[in-house]
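Got a structure for you, written out below as structure tokens; questions coming shortly.
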Amino acid sequence: MIVIDTNILLRYLLKDDNKQSAQASRLIQGGEKVLVTDAALVETVWTLKGKKYQLTKAEIIETVLQLFQETNLHFEDGQVVWKALSDFKNAKPVKGKEADFADALIVCKGRSVVEKQKEAFNGSFTFDKAAQKLPGAKAPN
């Protein structure tokens, strides 16, 4: 199994540099399993949503769904990414601001790690009002 960085994933998705995009495609569609870490996935989503590319929430969701279709791609924990994507999709805005995919992944990954350690998940705390609307997120007292 190999691990790819954000820039490899971005070149693969964006096809915006002929040479690098071809190299990224060969890596991802080659014979080895490819790991996309949570950090690389969050950075990729952040970049795609940012000032340069300005993908919408729906486009971000579709992009991550496309990654699930790639037979060689594997996530740190695909079920956690899937749950985070669902929570992100269903997030309700607070005063016009919605929780980010990263917010949803933090909550879902945190719950998963806590439960794997056989502990009770008592919430993921944040000051972000929009993120507090995600299942399992809470405001500190």
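The values are calculated or read from the model by the stated rules, or taken from the named source; none is laboratory data. Since the structure is predicted, the reported quantities are computational estimates derived from the model, not experimental observations. With ideal geometry, Cβ positions are generated from the backbone for all residues, glycine too; neighbour counts draw on all protein chains shown. In case anyone asks, the SASA skips ligands and DNA or RNA and just uses the protein heavy atoms, side chains included. Shrake-Rupley method; radii C 1.70, N 1.55, O 1.52, S 1.80 Å.
I'd like the residue in the stretch 127-138 that is in contact with a helix residue (DSSP H, G or I) (Cβ under 9 Å, 6 or more places away or on another chain) and assigned to a loop (DSSP other than H, G, I, E, B) and, out of all such residues, is nearest to A99 (Cα to Cα).
A130
On to the next question. State whether the residues of the stretch 25-46 include one that is open to solvent by 40 Å² or more (accessible area, probe 1.4 Å), within 12 Å of the chain's Cα centre (by Cα) and farther than 21 Å from S112 by Cα.
yes
May I pose another question? Here is a list: K95, K83, K51. Which entry is out of contact with any Leu (no Cβ under 8 Å at 6 or more places or on another chain) and surrounded by 14 or more Cβ atoms within 10 Å (Cβ to Cβ)? Walk me through how you get there before you give the answer.
Numbers: K95 fails: surrounded by 14 or more Cβ atoms within 10 Å (Cβ to Cβ); K51 fails: surrounded by 14 or more Cβ atoms within 10 Å (Cβ to Cβ).
Selected residue: K83, the only one of K95, K83, K51 that is out of contact with any Leu (no Cβ under 8 Å at 6 or more places or on another chain) and surrounded by 14 or more Cβ atoms within 10 Å (Cβ to Cβ).
Among the numbered criteria (1) open to solvent by 40 Å² or more (accessible area, probe 1.4 Å); (2) within 10 Å of the chain's Cα centre (by Cα); (3) farther than 21 Å from D5 by Cβ, which one does A104 miss?
The single condition A104 does not satisfy is (1).
For the stretch 106-126, enumerate the residues that are in a helix (DSSP H, G or I) and on the phi > 0 side of the Ramachandran plot. Step through it out loud before you land on a result.
Within the stretch 106-126, the first condition is being in a helix (DSSP H, G or I), and the residues that meet it are 106-116.
Listed by number, the list is empty, since nothing qualifies.
Are there any pairs with C-beta distances below 6 angstrom linking a residue in the stretch 1-18 that is in contact (Cβ under 8 Å) with a residue 40 or more places away in the chain to a residue that is in a helix (DSSP H, G or I) and surrounded by fewer than 19 Cβ atoms within 10 Å (Cβ to Cβ), with the two at least 6 apart or on different chains, and if so which?
Taking only residues 6 or more apart or on different chains, the pairs are T6/E43.
Within the stretch 114-125, how many residues are within 21 Å of L85 (Cβ to Cβ), touching a helix residue (DSSP H, G or I) at 6+ places or on another chain (Cβ under 9 Å) and open to solvent by 40 Å² or more (accessible area, probe 1.4 Å)?
At the first step, the residues of the stretch 114-125 found to be within 21 Å of L85 (Cβ to Cβ) are 114-116, 121, 123-124.
If we keep only those that are touching a helix residue (DSSP H, G or I) at 6+ places or on another chain (Cβ under 9 Å) as well, we get 121, 123-124.
Those still in the list that are open to solvent by 40 Å² or more (accessible area, probe 1.4 Å) too: 121.
Summing the residues that are within 21 Å of L85 (Cβ to Cβ), touching a helix residue (DSSP H, G or I) at 6+ places or on another chain (Cβ under 9 Å) and open to solvent by 40 Å² or more (accessible area, probe 1.4 Å) in the stretch 114-125 gives 1.
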